[in-house]
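Undergrad: The structure that follows is given in the form of C-alpha cells.
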Amino acid sequence: MSYAGFGLAFVAYPEAIAQLPASPFWALLFFLMLFTLGLDSQFTILETVCTAIIDAFPRQLRNRRWQLTLVLSVVMFLLGLSCVTEVRLLNHFEIKCYHAALRSNAVKYYSLFFSMF
C-alpha cells in the first residue's frame, strides 16, 4: 500500500524507522524535525503577513509591530483550531481545512493580497 500526505509522515516513515537499530533515537529525531519544520513555517507565515500589513499601513502600525504580531498570532491560532477540531467554525465561509497545506496556502495568498496594496 502506498501512502501520501499525512499517511507518509505518520504511518510509512515511523514504520521504516521502527526497523532501524536504535529506533527510539531515530524516532525522536524524526518527530523533532517535524516539529521544528512546522514551527519554522508558522514563524515565516506570521512575519510575512505582519510585514505586508505594516507596509500597507505604515503610519498607523509601524510603532505597534508587537501588538499586531500578538493579534495575528491569536487570530491564526483560533483559525487553526477549526482545522484540527470538529467545530468547523469557518464552514459558512467555504473554507475547507482538509490539511495544513491548504491553511498555509490560504495565509500565503492573503499575504500576497495584502502586499499588492
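Undergrad: Would you mind listing the helices (runs of 4 or more DSSP H) fully within the range 8-63 where at least 2 residues are of a type in the set (Ser, Thr, Tyr)?
TA: Filter on the range 8-63 gives 23-56.
Undergrad: If you go through the range 45-79, how many residues are small (Gly, Ala, Ser) and either buried (at least 16 other Cβ atoms within 10 Å of the Cβ) or touching a His at 6+ places or on another chain (Cβ under 8 Å) (or both)?
TA: 1
Each value in this text was obtained by applying a stated rule to the coordinates, not by laboratory testing. Every value quoted in this text rests on a predicted model; they were computed, and no experiment measured them. Cβ atoms come from the backbone with ideal geometry, glycine included; neighbour counts cover every protein chain shown.
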